[in-house]
1. Using the Cβ atoms and a cut-off under 12 Å, what net charge is assigned to the surroundings of GLY169, where Lys and Arg are +1 and Asp and Glu are -1?
2. If you stretched the chain out fully between ILE113 and GLU79, how much longer would it get, using 0.36 nm times the residue separation minus the C-alpha to C-alpha distance?
3. Run the simple label-point estimate for LEU159 and LEU71 please: 7 Å along Cα→C-beta, distance reported in nm.
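Read the figures in this text as sums done on the coordinates, not as results from a lab. Just so it is clear, the structure is predicted and the values come from calculations on it, not from any experiment. Neighbour counts are summed over all protein chains in view; Cβ atoms, including those assigned to glycine, are modelled from backbone coordinates with ideal geometry.
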Amino acid sequence: MKKLLVALVVALMTVGSASAQFHWGPKVGFTTNKLHMDKSGLDSDNRTGFTGGLMAEVGVPLVGLCFDASLMYVRRSFEYTAEDVTTGNDVTLKYNRDYFEIPVNIKYKIQIIGVEKIVKPYIFTGPSFAFLCSKKSMDAFKNKSFDCSWNFGIGVELLSHLQVQGSYGLGITKSVESNVDANGNSLYSGKDRFWTVTAAWLF
């Protein structure tokens, strides 16, 4: 899977290099993350993290259709309240999870005649593949090594270089699991739900 994703990014850059529609550049932003648990009452509170990396974009001339792929470092945080089994009091637990993430999107740019070189709104959607680069164990939880989500978003391109966008990520695979019980079964698990806002400057 990792080799396939790397090959996809390289292919985008190779094909695009022969076209005036190829662009690349740095991309930074922040993300607000919440874990949706499969057991009622355990959903986490929203927490803010950050992201940064590189993005490449290949556009199809005239029709406004584009494909982009990014290689991003992402920190996702979550916080939840649980009962301390020794004291019976509620305690708030906070954790950080770090990933190398590869979002791949299909993007449609809306051409507004007369101002398309100044402002160009767009919509996009696509999968995101995240590989854990921080520790797996978190007291009562265990992070999964791989996480897949699907993104939906809108954005605007300014002056043909700056892209500012916001997206919602819907977790497809489990990102965390609880430690196992006496029978070796995980008690509950969670999937990520997150908002991400980024800005990219493309050359």
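1. Summing Lys and Arg as +1 and Asp and Glu as -1 gives +1.
2. Length gained, ILE113 through GLU79: 7.6 nm.
3. 2.8 nm
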